[in-house]
Amino acid sequence: MVKRASKQSGGGGPWRPHPGIVRTVLFILLLAVAGIAQESPQPESSDTTWAALHTHGYASFKNGRYADALADFNASLPLAASPQERAMTLSDIGYTLTELGRTADALTQLEQARALWMSIDAAGHRALQVTITIGLLHRILGHFRESEQILRSAVGSARDSSDHSAALVALGDLLNEQARFIESRPMFEEALRLSPGRDRTRASALIGLGDAESNSGQIQPGISHLRDGLAISREIKVPELEALALRDLGNTYVQAGDLSSAQAVLRRALPILETAPAMRIQYAGTLVSLGVVYGAENKLGLAEDAFTQALEVYGNAGTNPRSAVAFEYLAIVRAQQKRFAEAEDLANRAHSALKSAFGETSAPAADSLGTLALVEEKAGNLEQSEHDYSRALAILRDNGALESTSAANLSSGYASVLRKLHRRREAKAVEHEAKSTHLSARQQ
């Protein structure tokens, strides 16, 4: 029997899946790092010492000995005898630093590499590969506008289908993080058209598309595409992609109310992500997802532990938009514990972080405003709760995001508050709009 998420007073209940930030996925980072040193040192190189160090560093990288690889690449850099050798070495240093989780340092090296690759061949494969990775590193650092600008330039300048599809998935994934699912889906669909082989790009596109579909209320298509992406990830033996597919499947099962399946796949994803320094953000996001499952099962202590662990990875200053999701769910825990002042403070911190990162009228900001409205409802501040629910739904409506799972949850909460305020006619109108929108999404 499928175990359904528990329903709390207030319509759809507080333990709802959160779109966008929890589902942060860095698919193409894996693609870019996989391309390290694709151009082997040429035998006719005038400096065999550079070639030997480069080859040794590549072997260390492939075997996961990133510190050794970094030492070799750093030692080879002064010995580079041509712009191409220097560009290759800077790229490899940047990719290795990425694997070591040193994002800012990696960005510095890759910016230098990109300038050199652009001077050699502005639309070449290596230039595009580095450009995509730079876009992703800006995203990791929370520079979302810069990331989108860089990735759109990569999409526009890609010359061959493999580079084009990789750039499309990177951009689509960035849009997914911002809950811009209507914009992201064509990116993934075009990437799938350009990627007929069972490879990393196709697996990434399938996982991204499944994520966008499930967040848009199309649960079964989402599960189907996520399972396809999972199968390819296992087939080509890329455990990081496998873990990301498992994590997104877990989130989708939560939306479907199947908590048992959600917990099983999330627990399979955690140990894979925990051992990869470059996947720490994904590890934290998976902890948040598991915390949501525990919360739905009314295991508040376990939920709080999971959210707290995630914040240790994200940083708990409140300025990181990814930490905002953990703050939101901790706010829900505090509201259930009737610690309303703490709950409202956490919800406000999350809302401020998301407004700062994505804009006050963005879908992530709207969803966090819905969390604040939920806390206010639990605290008995119904008038303010009604105002915030109404504002959050208006933002989603303006963004064309009423088909999202987030909008359905907000509508349920809003209708509940309207009934408590004895505004039953308005509550029915809200429920009717949500039902009609959901039905339309399922028929697409």
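The values are calculated or read from the model by the stated rules, or taken from the named source; none is laboratory data. Just so you know, these numbers come straight off a predicted model, no measurement behind them. Cβ coordinates were reconstructed from backbone atoms using ideal geometry, including for glycine residues, and neighbour counts include every protein chain displayed.
For this structure, a couple of remarks:
- Residue 173 among the charged types (D, E, K, R) and crowded, with 17+ Cβ neighbours inside 10 Å: yes
- In the range 115-143, the residues that are part of a helix (DSSP H, G or I), surrounded by fewer than 16 Cβ atoms within 10 Å (Cβ to Cβ) and either acidic (Asp, Glu) or free of Cβ contacts under 8 Å to residues at least 12 places away in the same chain (or both): 115
- If you check 328, 342, 360, 386 for being surrounded by fewer than 24 Cβ atoms within 10 Å (Cβ to Cβ), under 22 Å from the mean Cα position of the chain (by Cα) and not polar (S, T, N, Q), only one passes: 360.
- Residue that is modelled with the lowest pLDDT [pool: residues in the range 174-205 that are among the basic types (Lys, Arg) and not in a helix (DSSP H, G or I)]: 180
- Counting only residues that are farther than 24 Å from residue 127 by Cβ, free of Cβ contacts under 8 Å to residues at least 24 places away in the same chain and either crowded, with 16+ Cβ neighbours inside 10 Å or among the acidic types (Asp, Glu) (or both), the range 49-101 holds 5 of them.
- Checking residue 391 against (1) within 18 Å of residue 179 (Cβ to Cβ); (2) modelled with pLDDT under 95; (3) surrounded by fewer than 24 Cβ atoms within 10 Å (Cβ to Cβ), the condition it does not meet: (2)
- Filtered residues of the range 232-278 (kept if among the aliphatic types (A, V, I, L, M), within 16 Å of residue 295 (Cα to Cα) and crowded, with 22+ Cβ neighbours inside 10 Å): 254, 259, 262, 266
- Flag for residue 228 being surrounded by fewer than 17 Cβ atoms within 10 Å (Cβ to Cβ) and at pLDDT 95 or above: no
- Residue pairs whose Cβ atoms lie under 8 Å apart, separated by 6 or more positions or on different chains, with the first residue in the range 363-392 and under 18 Å from residue 433 (Cα atoms) and in contact (Cβ under 8 Å) with a residue 24 or more places away in the chain and the second surrounded by fewer than 17 Cβ atoms within 10 Å (Cβ to Cβ) and of a type in the set (A, V, I, L, M, F, W, C), are 386/421.
- Residue selected from the range 299-308 under the condition crowded, with 17+ Cβ neighbours inside 10 Å and not charged (D, E, K, R), by the criterion nearest to residue 351 (Cα to Cα): 307
- Residue count for the range 70-84, restricted to those that are more than 34 Å from the chain's Cα centre (by Cα) and in a helix (DSSP H, G or I): 5.
- Residue 373, sole failed condition from (1) outside any helix (DSSP H, G or I); (2) buried (at least 18 other Cβ atoms within 10 Å of the Cβ): (1)
- Note on the range 333-351: among residues that are among the polar types (S, T, N, Q) and modelled with pLDDT under 95, the one that is farthest from residue 215 (Cα to Cα) is 337.
- Number of the condition not met by residue 248 [criteria: (1) within 17 Å of the chain's Cα centre (by Cα); (2) part of a loop (DSSP other than H, G, I, E, B)]: (2)
- Neighbours by Cβ (under 9 Å, 6+ apart or cross-chain): first from the range 213-224, on the phi > 0 side of the Ramachandran plot; second among the acidic types (Asp, Glu) and at pLDDT below 95: 217/403
- Inclusion of residue 231 among residues that are part of a helix (DSSP H, G or I), touching a residue at least 40 places away in the same chain (Cβ under 8 Å), on the phi < 0 side of the Ramachandran plot and of a type in the set (A, V, I, L, M, F, W, C) is not warranted.
- Pick from the range 144-166, criterion part of a helix (DSSP H, G or I) and charged (D, E, K, R), ranking: surrounded by the fewest Cβ atoms within 10 Å (Cβ to Cβ): 145
- Taken together, the residues in the range 181-200 that are surrounded by 24 or more Cβ atoms within 10 Å (Cβ to Cβ) and either basic (Lys, Arg) or more than 15 Å from the chain's Cα centre (by Cα) (or both) amount to 2.
- Scanning the range 102-114 for residues that are surrounded by fewer than 23 Cβ atoms within 10 Å (Cβ to Cβ) and within 20 Å of residue 67 (Cβ to Cβ) yields 102, 103, 104, 105, 107, 108.
- Any chance residue 426 is part of a helix (DSSP H, G or I), over 27 Å from residue 339 (Cα atoms) and charged (D, E, K, R): yes
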